[in-house]
Amino acid sequence: MKNINLLRSSLFLIFFVTIPSNNFAETMLKDTFQDSSQWEYIADNVMGGISTGGVEFERIEGESIAILTGNVTTENNGGFIQIRRDLSGINLDKANSIRLIAKGNKQKYFVFLRTTGTILPWQYYQSEFTVDEDFSEFILPIEGFKKFSIGYTGFLMANKINPKKITSIGLVAFGRDHLAEIYIKELEFIK
């Protein structure tokens, strides 16, 4: 009898462990930076700023990495460098978070999202994260993004993002004088 109970317990444990879980994140879009043509570098010089920088796409230990570097300065009404990817035509309807794997120079960086409702160039939704010297995973819930706009134009924006209306994503060094150096190896919209 003791052996039968032990066998039942073992079978239950094996059955329990092998059942797939639905708790794993479902991917809506995953970018591992293998196609650098998807990304565009933009700096504040489009509006008169004088920040400088650039992006390089390198293979490090067999993985493609986007490396955003530069000097961000708030002089002359500036203050950002970024890489941006257009997401038009990609179904993100069920996405609820953005997952990043990144490292860098112990600075704060931002993810900017634009939607069909962010008509003016200075309208976007933002979330911040701080990198360390080692690659770390960051999960940014879409509902936690805060709307940003200059002046009174923010009233035109919805308070929360509807994921199916996201049109672009930017990885941004922003808002203060600092040297930027961030390495991003994965970016993913997840459910």
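No lab work stands behind these numbers, since they all come straight from the coordinates. For clarity, every value in this text was computed on a predicted model and none was experimentally measured. Here the Cβ is made from the backbone with ideal geometry for all residues, glycine too, and neighbour counts use every protein chain on show.
Of all aspartates and glutamates in the structure, those lying under 20 Å Cα to Cα from Lys164, and not within fewer than 8 positions of it along the same chain, are Glu26, Asp31, Asp86, Asp93, Glu143, Glu188. This ranking places Val55, Val72 by how few other beta-carbon atoms lie within 10 Å of each, fewest first, which gives Val55, Val72.
Using a 10 Å Cβ count of at most 14 others and DSSP loop calls, identify the longest part of the chain lacking such GluC sites (Glu not before Pro).
Longest gap between qualifying sites, sites excluded: 62-132.
Centre-to-centre separation between the Cα atoms of region 35-67 and those of region 83-117: 14 Å. Amide H contacts of Asn96: Ile190, Lys191, each under 5 Å away and 5 or more positions distant or on a separate chain (H built 1.01 Å from N in the peptide plane; Pro and chain starts excluded). Each of Ile83, Ile142 was scored by other Cβ atoms within 10 Å of its Cβ. Arranged with the fewest first, they read Ile142, Ile83. When the square roots of the Cα gyration tensor eigenvalues are ordered a ≥ b ≥ c, the ratio a/c for region 115-191 is 1.5 or more and a/b does not exceed b/c, which makes its shape oblate.
Per DSSP H run of n ≥ 4, the term is -39500 (n - 2.57); total these for the chain, divide by its residue number, and report the mean residue ellipticity at 222 nm rounded to 500 deg cm²/dmol.
-3000 deg cm²/dmol
For region 21-62, what does the convex hull of the Cα positions come to per residue, in cubic angstrom?
152 Å³
Give Lys30/Lys103; Lys94/Lys185; Lys94/Lys160; Lys103/Lys147; Lys30/Lys94 a once-over and call out the pairs whose C-alpha atoms are over 20 Å from each other. Numbers along the way, then the final one.
Numbers: Lys30/Lys103 18 Å; Lys94/Lys185 23 Å; Lys94/Lys160 15 Å; Lys103/Lys147 25 Å; Lys30/Lys94 14 Å.
Pairs exceeding the cut-off: Lys94/Lys185; Lys103/Lys147.
Structural size metrics of the chain, computed from C-alpha coordinates, are Rg and Dmax of 20.9, 83 Å. Here the contact order of the chain, divided by its residue count and restricted to Cα pairs under 8 Å and six or more residues apart, works out to 30 percent.
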